[in-house]
1. Could you tell me what percent of the accessible area of the chain is made up of carbon and sulfur, with a 1.4 Å probe and every protein chain present?
2. Tell me, what is the per residue accessible area of segment 199-256 in Å², probe radius 1.4 Å?
3. With a cut-off of 8 Å between alpha carbons and a minimum separation of six or more residues, what is the relative contact order of segment 1-76 in percent?
4. Near the amide H of residue 116, under 5 Å away, which other amide H atoms are found, from residues 5 or more places off or on another chain, if H is placed in the peptide plane?
5. Given an 8 Å cut-off on Cα distances and at least 6 residues of separation, report the relative contact order of the chain as a percent.
6. How large is ³J(HN,Hα), in whole Hz, for each residue of segment 208-214 in order, when computed from phi with the Karplus curve 6.51 cos²θ - 1.76 cosθ + 1.60 and θ = phi - 60°, using x for Gly and Pro?
7. Assign unit charges at the C-beta atoms only (+1 for Lys and Arg, -1 for Asp and Glu), then state the dipole size of the chain relative to its Cα centre in Debye, rounded to the nearest 20.
8. List, in order, the whole-Hz ³J(HN,Hα) value for each residue of segment 14-25 obtained from phi through the Karplus relation with A = 6.51, B = -1.76, C = 1.60 and θ = phi - 60°; use x for Gly and Pro.
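The values are calculated or read from the model by the stated rules, or taken from the named source; none is laboratory data. Computed from a predicted model, the values in this text were never measured in an experiment. Glycine gets a Cβ as well: all are built from the backbone with ideal geometry, and neighbour counts include every protein chain shown. Quick note on the areas: whole protein, heavy atoms, side chains included, nothing else; ligands and nucleic acids left out. Shrake-Rupley method; radii C 1.70, N 1.55, O 1.52, S 1.80 Å.
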Amino acid sequence: TLPDNTPVTYSEGGPAAAPTLVLLHGYTGDRNHWNRVARELTPRWHLIVPDLPGHGETPLDDNASADGMSNTLIDFARALGLDDYTLVGHSMGGAVAELWALGQPDKTRGLVLIDAAGVYRNNPSPVMQAIARGENPLAVRSIADYDRLLSFAMARPPFIPDSIEHALALQAVAHRYAQSKILDNLLSVQNNLPASSFQMVLNGLRMPALIIWGAKDRIFDVRVTDELATGLADSRVVIFDDVGHTPIREAPRRTARAIDGFAGEVYGP
């Protein structure tokens, strides 16, 4: 519970004395989306995996923006006594990680961006084209909407038992009011923030960065990795040719290996 009485629910694992990786999930997700990646990382790294505001068991406060989420999570890290960490963000969690790192550069040792949300100059993805036509395939108001979102998000979805998938859909629908506010804010940023301003954010991030992307991403086209790599001071790119927008669920072992290798370079042997 934060000083302003905001509760943040999180998972924790791995050796407490090891370097800390903070894993941030994407829009409509929760901390459990990281479980298969986390299982591969906990032997070596100390993991903190929060539910972002408006997702899982963490409520949304009045600020539904990525910037508001990053401020909440900075307070969360302070409450846990974290002062040296690598931030790992998927999709919306990537945007939150960028803003967090920008606000806490001395504490952010490294940054991993996985199919990260951003305001890109060249993102001709099917989802962005649909949004430009006035459609919104990212909105989740029903189980059918959730199923449609999954079809956009994953090129090679993992097997999920029907009962579990139904429960996940019900959870997403239950959060529809909070998440509609978040989505409205994200789309407002997409429509109103110049790509040059986003590049300024990237230019301010001087820590080592790893960019992981699915070549079949239908939300943020793989071509945007060029903009990320150009904007970041010290970055490298890993592309998974057979994966869509969600490597953390489509290719968890490969994603974990990439994170592990990067963290090993950041923290040394």
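1. Details: 5780 of 11570 Å².
Summing carbon and sulfur atoms, their accessible area is 50 percent of the total for the chain.
2. 38 Å²
3. Values: 116 pairs, mean separation 28.0, N = 76.
Dividing the mean separation by the residue count of segment 1-76 yields 37 percent.
4. 91
5. 21 percent
6. In residue order, the calculated couplings are x, 9, 10, 10, 10, 9, x Hz.
7. Using Cβ point charges on Lys, Arg, Asp and Glu, the chain gives about 480 debye.
8. Computed from phi, the couplings for segment 14-25 are x, x, 4, 8, 7, x, 9, 10, 9, 9, 10, 7 Hz.
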